[in-house]
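One structure below.
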Amino acid sequence: MSQTEPMTSVRTPLRRAFAVVAFAEAASWAGLLVGMYFKWIAQTTERGVEVFGPIHGGVFVLYVVVTLLCWRAFRWSPSILLLALAASIPPFATVVFERWSERSGRRIWG
């Protein structure tokens, strides 16, 4: 495979992995937000934060890694990379980014 040729052998599985990890990141955010409600608002238990905090942290790191792999494999522009990484910060924005990337005519998947 030449330097200018896309990494076609990993494109479809990586694309699916990005979609799955984007959804998992949003779902772990939901669990963490529910846990924070019970910890800080209802003041009944810290268990939700204890469970979903580490899960969300791990999925967040996985999202960053998969995003960097996509950036390389699909030759995303620096602005698309920054947008994808920024989407990991607000709750549920990873799903919004993933869906936008599929629906927009930009076809950032390469």
Inset, instruction - Run the numbers on the chain and let me know its relative contact order in percent, using alpha-carbon pairs under 8 Å that are six or more apart. - result: 32
Inset, instruction - Alpha carbons only, please: Rg and Dmax for segment 11-100, in angstrom. - result: 14.5, 48
Inset, instruction - Filter the trypsin sites (Lys or Arg not before Pro) in segment 33-96 down to the DSSP loop ones having no more than 14 other Cβ atoms within 10 Å, then list what survives. - result: R75
Legend entry - Principal-axis tilt of helix 8-36 within the chain, Cα atoms, nearest 10 degrees: 20
Legend entry - Exposure proxy order (Cβ contacts within 10 Å, fewest to most) of I80, I89, I55: I89, I55, I80
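No lab work stands behind these numbers, since they all come straight from the coordinates. All values reported here derive from a predicted model rather than from experimental measurement. Heads up, the Cβs are rebuilt from the backbone with ideal geometry, glycines too, and the neighbour counts pull from every protein chain shown.
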